[in-house]
């Protein structure tokens, strides 16, 4: 681990501790722990089944992108890369670290690293696009209460992600337009051009992008359903429609590279978003903590694969 990544880990760890300390001062931790321990076991098992299912759909989504680019890595190897990267990414900047590890591991197993990196970039951005659209849908369906939810921010994010996706799909034209031709023979620029060419090839794969978008929506709906079942297990009086409104917000916050394994800020956001429905801070903190723990449980297969591998990152 480099000095920079070590410093980043410490900073995010301190930030998570600071947020948890603030939350700890606002809630009765004993009551929160008691509530978490009292969760209905059947609902908890159902949540864990859905966690496993969402991992399977995420692997299928990535497989779809890779197959479209001619990559023939076996499903077993691809699943292993995804699970191990997700596990190791728990200690790295959320989502960004796991994505970087995915791209790195896949690049070591293919003769076309550019396609590997492109598949991860498209996978992530299409996923964020789908999540933001779901947030808009949820807050719209919720109705007047959605005035307390930052719907305008979602529209801004949709515009930003759309521009990013468009920029990636047309990156080959953009780079060749801005970089002088005499630079095109340098090794660094040639690497960049290979990557932009790999990204631009998705322009002709609209069906693949539509399939990736659909699978992304499926993943996010599975996670909303996980939250709903967990809430049922804790006897929260929160309708499913509100989970559809607030969970995409929590998931978007979770993607920010400011916490470790989603601990800290995402929990604080969940507590804040459940307050308007009369959920006590103790109960919402227990709920958010169980959300984090069940998500981490989905990384346990990756931990097992990592532990028994002699060369886990090759």
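Values quoted throughout were computed directly from the atomic coordinates according to the rules given, and no laboratory measurement underlies them. Since the structure is predicted, the reported quantities are computational estimates derived from the model, not experimental observations. Note that each Cβ is placed from the backbone with ideal geometry, even for glycine, and that neighbours are counted across all protein chains shown.
Which shape class applies to the stretch 109-224: rounded if a/c is under 1.5, otherwise prolate when a/b exceeds b/c and oblate if not, where a ≥ b ≥ c are the square roots of the Cα gyration tensor eigenvalues? Prolate, since a/c reaches 1.5 and a/b exceeds b/c.
Measure out, as a whole number of angstrom, how far apart the alpha-carbon centroids of the stretch 57-85 and the stretch 159-232 sit. Between the Cα centre of the stretch 57-85 and that of the stretch 159-232, the gap is 16 Å. Protection proxy ranking of 196-206, 225-235, 33-43, by the mean of other Cβ atoms within 10 Å over each peptide's residues and highest first, is 225-235, 196-206, 33-43.
The Cα atoms of the stretch 106-145 cover 53, 11, 8 Å along the three principal axes, with the biggest extent listed first. The Cα atoms of the stretch 30-96 give a gyration tensor whose axes a ≥ b ≥ c have a/c of 1.5 or more with a/b greater than b/c, which makes the shape prolate. Per-residue extension of 0.36 nm, minus the Cα-Cα distance of residue 31 and residue 293, leaves a gain of 92.5 nm for this segment.
Taking packing as the residue-averaged number of other Cβ atoms within 10 angstrom, the listed peptides 177-190, 102-115 run from highest to lowest as 102-115, 177-190.
Using a Förster distance of 22 Å, how high is the FRET efficiency between residue 277 and residue 48, based on the Cβ-Cβ distance and rounded to 0.05?
0.30
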